[in-house]
1. Using only Cα atoms and rounding to the nearest 10 degrees, what angle (0 to 90) does helix 115-129 make with the longest principal axis of the chain?
2. Towards the positive end of the charge dipole of the stretch 140-324, with charges on Cβ (+1 Lys, Arg; -1 Asp, Glu), say which of Leu322, Met306, Met167 has the farthest Cα.
3. Specify which residue in the list Ala206, Gly240, Tyr24 is farthest towards the positive end of the charge dipole of the chain, using unit charges on the beta carbon of Lys, Arg (+1) and Asp, Glu (-1), about the Cα centre.
4. Relative contact order of the stretch 7-135, please, whole-number percent, based on alpha carbon pairs below 8 angstrom and at least 6 residues apart.
5. What is the magnitude of the charge dipole of the stretch 211-278 about its Cα centre, with +1 placed on the Cβ of each Lys and Arg, -1 on the Cβ of each Asp and Glu, and no other charges, expressed in debye to the nearest 20?
6. So if I place +1 on the C-beta of Lys and Arg and -1 on the C-beta of Asp and Glu, and nothing else carries charge, what would the dipole magnitude of the chain be about its Cα centre? I want it in debye, nearest 20.
7. Here are some pairs, Lys22/Lys250; Lys102/Lys282; Lys44/Lys102; Lys85/Lys250; Lys102/Lys216; which of them have Cα atoms lying more than 30 Å apart in this structure?
8. How would you rank Ser14, Ser38, Ser76, going from fewest to most other Cβ atoms within 10 Å of each one's own Cβ?
Amino acid sequence: MLNSRPRAAVIGASGIGKHHAKWYHLLGCELVAFAGSSPETVEKTSEALRDLFGFEGQGYWDVQEMLEEARPELVSVCSPPELHKEHVLAAAAAGCHVMCEKPVAWYEHDPERDALADAYEMLDAVEQAGVLAAVNTQYAAAAQSYFALCELAGLSAEVEPIERVEMQMDSRGRGGQARREEIWIDLASHPLSIVQAICGPGEMVAGSERCRIEEKQVEATFTYAARDKQALIEARVVVGNVPEGALVRKLGVNGVLADYEGRNDEAGQFCAYLSIGDTELKATDFVQESLSRFVEAVCEGGKPLMAFADGAANLRMQINILRAGGQSAGQ
């Protein structure tokens, strides 16, 4: 375990990576460095991070140089998925605890590569290195908030025992231009993590998966065998790409669905809000919760929100469902 102000770094600090950087800073870590893809992007990202929270660390365009010179103790891997393996292995070899963005691995432009095999190779590497590793499927944090909302709304009896779990998630990913299997790869990690968080450890029942892939939406159903509950739970996941207009985002158990959104509270702090009818619950921003749990697990012990092994299992479900839709998935 580390001291109360661990040294943190981010590989790929634009996009979602800038939020990792911001939260490391706000959680009390010392953000010592980030790595970008070129001198030009490093300069641009350095300026953006200085404006965001007063970043005082060093920008690099060579990951190995960053690891050797900056000596971070925590590293977020927010590079493109095809680079995750390279960067996770490098961080683990340097003795760093690792937070990896989702999906754990994916090779959109190299369909011959086996993403799932690479995910388990990464898992072996972090275990051999003796470092803690997590995956940022942050919507898993919504599970606890959902059950708290049901209690607040007097609906707890209706969601026990758990028989069905469902989630619909729209996004404007890739500027609203994502299509077909791209939508699934971009988004499905999140609703699948909801299934994992609500149902607990388990696995998808082989042969139960069904997948319908349309131009701008993917719908999947499957049966999840929850080991701790010794139960078979039906799951439904819908993900879509909506270039404009309202985004539909719902999750729920046994048909009791909650809407959720992210927005600033009265103090300007970005938070998650879940609602059923007129009953609303304010929760910590899911990315904040994911990184907070990771830092806490490293510094004080315990389990992150989504351990790396959970992330690999998430990817396995993602790939198997895509195959059920008639897509090769390239994996």
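Each value in this text was obtained by applying a stated rule to the coordinates, not by laboratory testing. For clarity, every value in this text was computed on a predicted model and none was experimentally measured. So basically every Cβ, Gly included, is an ideal-geometry build from the backbone, and we count neighbours across all protein chains shown.
1. 60 degrees
2. Of the candidates, Leu322 comes out farthest on the positive side.
3. Going by the Cα projections, it comes out as Ala206.
4. Details: 226 pairs, mean separation 29.1, N = 129.
After rounding, I find 23 percent.
5. Values: 8 positive and 11 negative charges, 72 e Å.
In total the dipole reaches around 340 debye.
6. Details: 29 positive and 50 negative charges, 80 e Å.
It works out to roughly 380 debye.
7. Values: Lys22/Lys250 27 Å; Lys102/Lys282 25 Å; Lys44/Lys102 24 Å; Lys85/Lys250 32 Å; Lys102/Lys216 21 Å.
Too far apart for the 30 Å limit: Lys85/Lys250.
8. Values: Ser14 17, Ser38 9, Ser76 33.
Fewest to most other Cβ atoms nearby, the residues stand as Ser38, Ser14, Ser76.
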